[in-house]
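The values are calculated or read from the model by the stated rules, or taken from the named source; none is laboratory data. Bear in mind the structure is a predicted one, so any value in this text is a computation, not a measurement. For neighbour counting, all protein chains shown are included, and Cβ atoms are generated from backbone atoms with ideal geometry for every residue, glycine included.
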Amino acid sequence: MGYICSNPNCKKKYPQMTSDGFCYEATCNGDYIVIEDQGGGGNPDRQIGLCILLMDASGSMQTTKPFEDKGNNSSLIDLVSRNVARAIFDLKNLTQGKAKDAYILALMFDDVVKELFFDSVDNLTTKHHSEGNFENFIKQELSNMGGGTDITTALEKAYTFYEQFIHNKINSLGEYTVLSQLDRGFNNNPINISNVRVLIYTDGNHNANSTLYSPFKDLDPDILMGAYFGEATDAGARELRNILGNCFKHNEKQFFLINNTEDYAQLKNLFRMASGASGFCPICLTNIKRG
């Protein structure tokens, strides 16, 4: 098995994965991820959905233990790893035979951005055998980081991949179309929704030299969702909320605040909703839980 740059103007092949999962050829300059080379081909009728998961791996995610006063010594990274693993394993059953066409790109970030994995739900659950194995893999990779919090760079790299995916330029996937469905917005107007979601979570404010902004803000609908670990009055919570758009269906901010036991218990549902392309906002999540 080999690897190939996802940039169609580069397509450099690698015998093994690069150190951070990105290509640094002159045409790419670290903006494009390296993925498994599946040899082209494909089926033009194949419909693929995508979730891009941006995982904060900064130092505070490793040291913050929200339930320590209740005898639970789990860090935020422990909680996230456990719930992401559970959500993705759940998807294998929920996708009703479509797990091979449900893809997840997970990027972890602190001061830099690194690829954690890009694969189908089917392959991820097969490779890692069990939720526990997958949880340990995610936790170990996140624990190898621990710097600051550069949200803008993470969003920019996610957007670069989104652009390539939505325009059918991920060559290693062969021929495919982007899965989509027709829905109605809050004003009852019909809208075509691609099954592509981006979910970023963080527990801190953007502390890089660049200005915080979202490259997804001009999309209609805006596909970026954000989850914040902490209080609504935190600077990081206000920053994240400000760069997010409103759900096309409920006209609510695509922002999730996670700061109590009930919220943490629903983490799995949030990751599952984002990965399953089922909604955008807290009302969507509530409707899914009720269903």
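Select from segment 102-115 the residues that are surrounded by 20 or more Cβ atoms within 10 Å (Cβ to Cβ) and not small (Gly, Ala, Ser) and list them in ascending order.
Within segment 102-115, Tyr103, Ile104, Leu105, Leu107, Met108, Phe109, Asp110, Val113, Lys114, Glu115 meet the criteria.
Would you check which residues across segment 108-137 are free of Cβ contacts under 8 Å to residues at least 60 places away in the same chain and either hydrophobic (A, V, I, L, M, F, W, C) or not in a helix (DSSP H, G or I) (or both) and list them?
Within segment 108-137, Met108, Phe109, Asp110, Phe117, Ser120, Leu124, His129, Ser130, Phe134, Phe137 meet the criteria.
Name the residue, out of Gly226, Gly279, that is buried (at least 20 other Cβ atoms within 10 Å of the Cβ), under 19 Å from Leu53 (Cβ atoms) and modelled with pLDDT under 90.
From the options Gly226, Gly279, the qualifying one is Gly279.
For residues that are polar (S, T, N, Q) and surrounded by 23 or more Cβ atoms within 10 Å (Cβ to Cβ), scanning just segment 57-101, find the one that is farthest from His206 (Cα to Cα).
Only one residue fits best here, namely Ser81.
Can you pull out the residues in segment 161-172 that are touching a residue at least 60 places away in the same chain (Cβ under 8 Å) and under 12 Å from Pro8 (Cα atoms)?
Passing the criteria: Phe161, Gln164, Phe165, Lys169, Ile170, Asn171, Ser172.
Among the residues of segment 238-273, write down those that are at pLDDT below 90 and under 11 Å from Gly226 (Cα atoms).
none
Checking the structure you have, find out if any residue of segment 218-226 is more than 19 Å from the chain's Cα centre (by Cα), of a type in the set (A, V, I, L, M) and within 23 Å of Asp56 (Cα to Cα).
No, there is no match, as no residue in segment 218-226 is more than 19 Å from the chain's Cα centre (by Cα), of a type in the set (A, V, I, L, M) and within 23 Å of Asp56 (Cα to Cα).
Does Arg197 meet the test of being part of a helix (DSSP H, G or I) and either in contact (Cβ under 8 Å) with a residue 24 or more places away in the chain or out of contact with any helix residue (DSSP H, G or I) (no Cβ under 7 Å at 6 or more places or on another chain) (or both)?
Judged against the criteria, Arg197 is not a match.
Given the criterion acidic (Asp, Glu) and at pLDDT below 90, identify the matching residue among Asp110, Asp150, Asp101.
Asp101
Please work out if Leu155 is in contact (Cβ under 8 Å) with a residue 12 or more places away in the chain, assigned by TED's automatic domain parsing to the domain that holds Cys284, more than 18 Å from Ser58 (Cα to Cα) and in contact with a strand residue (DSSP E or B) (Cβ under 9 Å, 6 or more places away or on another chain).
Against the criterion (in contact (Cβ under 8 Å) with a residue 12 or more places away in the chain, assigned by TED's automatic domain parsing to the domain that holds Cys284, more than 18 Å from Ser58 (Cα to Cα) and in contact with a strand residue (DSSP E or B) (Cβ under 9 Å, 6 or more places away or on another chain)), Leu155 does not qualify.
Residue under question is Asn188, and the condition is that it be within 20 Å of Ser58 (Cβ to Cβ), more than 16 Å from the chain's Cα centre (by Cα), surrounded by fewer than 21 Cβ atoms within 10 Å (Cβ to Cβ) and modelled with pLDDT under 95; does it hold?
No: the conditions fail for Asn188.
Pick out the one residue from Glu239, Glu231 that is of a type outside the set (A, V, I, L, M, F, W, C) and in a loop (DSSP other than H, G, I, E, B).
Of the residues listed, the single one that is of a type outside the set (A, V, I, L, M, F, W, C) and in a loop (DSSP other than H, G, I, E, B) is Glu231.
Identify all residues within segment 238-253 that are in contact with a Phe, Trp or Tyr (Cβ under 7 Å, 6 or more places away or on another chain) and surrounded by fewer than 21 Cβ atoms within 10 Å (Cβ to Cβ); write none if there are none.
Arg241, Lys249, His250, Asn251
Are any of the residues in segment 202-213 modelled with pLDDT of 95 or more, of a type in the set (Phe, Trp, Tyr) and either closer than 24 Å to Asn251 by Cβ or surrounded by 16 or more Cβ atoms within 10 Å (Cβ to Cβ) (or both)?
No, segment 202-213 contains no residue that is modelled with pLDDT of 95 or more, of a type in the set (Phe, Trp, Tyr) and either closer than 24 Å to Asn251 by Cβ or surrounded by 16 or more Cβ atoms within 10 Å (Cβ to Cβ) (or both).
So which residues in segment 145-169 are farther than 26 Å from Asp110 by Cα, assigned to a loop (DSSP other than H, G, I, E, B) and not basic (Lys, Arg)?
Passing the criteria: His167, Asn168.
Select from segment 272-286 the residues that are without any contact (Cβ under 8 Å) to a residue 12 or more places away in the chain and part of a helix (DSSP H, G or I) and list them in ascending order.
Selection gives Thr286 alone.
Would a scan of segment 145-162 turn up a residue that is more than 22 Å from Ser6 (Cα to Cα) and surrounded by fewer than 15 Cβ atoms within 10 Å (Cβ to Cβ)?
Within segment 145-162, one or more residues are more than 22 Å from Ser6 (Cα to Cα) and surrounded by fewer than 15 Cβ atoms within 10 Å (Cβ to Cβ).
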